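Peer 1: Quick one: the structure is below, and I'll ask about it shortly.
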Amino acid sequence: MQIRKYKPEDLPELKRIHAAQNFPYAFPDLRNPLFLTKIVLTDGGDSEEKIRGAALLRLTAEAYLLLDPKAGTPSQRWQTLLLLHEAVRCDAWHRGLEDVHAWLPPAIAKKFGRRMTQLGWQRDDTWTPYCLRFACRATVEERLRRKQISSLTYDSDLQL
């Protein structure tokens with residue numbers, strides 16, 4: 001098995017794999033520069049390699065709001081939020097981002113969620129979110145050394 005960078009000629013096979021999964025979303029446009037990571041796993045065959053899968057990472061943003069709960073009246077705090085919201089929305093758009101995500105603490109989710117909806121945010125419970133936190137870069141290298149990931153080679157141009 002070999003891990004390598006995506007090549008444009010991989011596109012038809014990745015589209016075939018995507019269709020075979022039968023998930024309810026369109027195949028992404030891999031020319032989009034927000035796809036920072038495009039990694040393909042092949043069977044390692046040189047001339048007739050077969051793609052086994054791919055992993056794609058698209059850049060997105062997580063929103064954090066820091067708003068003094070004691071500053072001004074509720075109406076003034078709402079106006080502050082509106083100003084910040086529009087400024088950040090414009091800044092994110094100019095930077096090329098396509099979306100922003102926010103996770104609300106349960107204590108404010110219902111009430112503040114209604115405010116967010118007024119601003120154009122959509123609650124999305126369709127898919128179950130998961131998060132991967134990176135503890136240390138050496139983890140993959142250590143697992144390779146201990147042979148927990150066997151028979152796998154990496155292209156030298158990948159940064160691992």
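Throughout, read-outs are computed from the coordinates displayed, never taken from laboratory work. As the structure is a computational prediction, the values presented were derived from the model and not from experiment. FYI the Cβ positions are ideal-geometry reconstructions off the backbone, even for glycines, and counts take in every protein chain you see.
Peer 1: Which of the lysines could a cross-linker span from Lys5 if the Cα-Cα distance has to be under 29 Å and same-chain partners fewer than 8 positions apart are dropped?
Peer 2: Once the sequence-local lysines are set aside, what remains near Lys5 is Lys15, Lys38, Lys50, Lys147.
Peer 1: Could you tally the net charge around Glu49, taking each other residue with its Cβ under 13 Å from the Cβ of Glu49, Lys/Arg +1 and Asp/Glu -1?
Peer 2: Net local charge, Glu49 excluded: -3.
Peer 1: Still on this model: If I take R0 = 35 Å and measure r between the Cβ atoms of Phe27 and Trp121 in this structure, what FRET efficiency does the formula 1/(1 + (r/R0)^6) give, to the nearest 0.05?
Peer 2: Calculated value: 0.85.
Peer 1: For the range 61-118, just the Cα atoms, rotate onto the principal axes and tell me the three extents in Å, largest first.
Peer 2: 34, 23, 19
Peer 1: Next question. At a Cα cut-off below 22 Å, give the lysines reachable from Lys70, other chains included and same-chain residues fewer than 8 away excluded.
Peer 2: Correct list for Lys70: Lys110, Lys111.
Peer 1: Mind ordering 12-22, 67-77 by average Cβ neighbours within 10 Å, highest first?
Peer 2: Highest mean packing first, the order is 12-22, 67-77.
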